[in-house]
Every structure is written in C-alpha cells, then in structure tokens.
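Asks: Here you go, one structure.
Nothing in this text is a laboratory measurement; each read-out follows from the coordinates by a stated rule. These figures come from a predicted structure and were not determined experimentally. Reconstructed Cβ throughout: ideal geometry from the backbone, glycine too, with neighbour counts over all protein chains shown.
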Amino acid sequence: MNRYTGLPALLLLAATTLPAAAEVTCGTYLSRPADGGTQAALGEKVRVVVFHNVTQINAEKGGRYDGPAGNCGGTVTLLPDGDAQAAGACTVMDGDGDVAIYEFRHLPGEQRGSFRRAGGTGKFAEDFRTGWYEQTAQQENGANGLWGGDDESVCQ
C-alpha cells in the first residue's frame, strides 16, 4: 500500500502554524486509499504522487455536510527539503443523491490546507464558500482530520 494516498497524506509534514483567527471547526473528515494512483520521480530529488481516495465528511452540528461521501483525486509533490505541496478535487454525495464538489490545496510550510466549494446539485448547487482542513492523524489505511472556516456559515 502506498503510504502517500491520504487526503493529502503528507500534510503532517507541515511545520508552521497559521495565526489564530476568529474561526470555527465544523467537523471531521476521513480519507481512505482507493484503487488508482501512482508515484513518479522528477529528477533525483522530487517525487510526485497521484492519488485517488474515498472520503467522508462529518459535521458536528448536523446539516447538509454531515455524512456526504465520495471520491477525491489529486497530486502531492514531495520536495527535496521534506515538505509537500498538494492539490486536488473531491465529489461527494449525500443520502438524498445531491452532489457537492470542492477543490483543495495545501502549500509547503503550512499546517492547514484550504478548500473552495464549487457548487454541485440540489442543496449544494449554490455553495461556493471557502474553508480550511487540517490532517490530524495518518494511519496505514488513510488519514483523519478536521475542517472548518471563518464562521458558522461554512458549516451549514
């Protein structure tokens, strides 16, 4: 099993902390490796990991972002200094069949990544809010983390 298949799996390598802000934690996510994905070397010092995961989003206070699950894909670039950069997109579906789409990225040296919702169908169609995610654990079978935003509206 490729240990670089979390969402994104290498985010625990980040060393710096973002400044404290008035923000909220909305809930948790879990991400598990799925079929697909590969690694490639770019020269002798940089590796690129292409990943495919299954993921589920949970919201502490319930609502439309409590339970949607689906697929994420993207890349993690492993840099010579041990840091990583990741980017990708996810498409998740809730129990009603409505689909939410979002993009994510994680820059080198940052503890948290960011996401931007890109609409979807049904109850998710007009949601284009942004937020943050932070991986809190990496296991052999995937990653767990927290997600949130600047205010409660991103949780709803």
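Asks: How much net charge surrounds THR28 when only the other residues with a Cβ under 15 Å from the Cβ of THR28 are counted, with Lys and Arg +1 and Asp and Glu -1?
Replies: Within the 15 Å Cβ shell, the charges total 0.
Asks: Follow-up question, since we're still on this one. At q = 0.17, 0.20, 0.21, 0.25 Å⁻¹, what log₁₀ I(q)/I(0) does a Debye calculation on the Cα points of the range 71-115 give, no solvent, two decimals?
Replies: Debye output, listed in q order: -0.54, -0.66, -0.70, -0.85.
Asks: Same structure again: Around SER153, with a cut-off of 11 angstrom between Cβ atoms, what is the net charge of the other residues, counting Lys and Arg +1 and Asp and Glu -1?
Replies: Charge balance near SER153 sits at -3.
Asks: Can you tell me which of 37-44, 50-57, 117-124 comes out highest on packing, and rank the rest after it, using the mean Cβ neighbours within 10 Å?
Replies: Ranking the peptides 37-44, 50-57, 117-124 by packing returns 50-57, 117-124, 37-44.
Asks: Sticking with this structure for a sec: List the GluC sites (Glu not before Pro) in the range 86-156 that DSSP assigns to loop (not H, G, I, E or B) and whose Cβ has at most 11 other Cβ atoms within 10 Å. Which are they?
Replies: GLU126, GLU140
Asks: If you add up the charges near GLU110, with Lys and Arg at +1 and Asp and Glu at -1, over every other residue whose beta carbon is less than 11 angstrom from its beta carbon, what do you get?
Replies: For residues surrounding GLU110, the net value is 0.
Asks: Could I ask something else about it? Calculate the radius of gyration of the Cα atoms of the range 56-156 to one decimal place, then report Dmax, the largest Cα-Cα distance, as a whole number, both in Å.
Replies: For the range 56-156, the Cα radius of gyration and maximum Cα-Cα distance read 13.9, 45 Å.
Asks: Of HIS52, ALA40, GLY149, which is farthest along the charge dipole of the chain in the positive direction, counting Lys and Arg as +1 and Asp and Glu as -1 at C-beta?
Replies: It is ALA40, whose Cα lies furthest towards the positive end.
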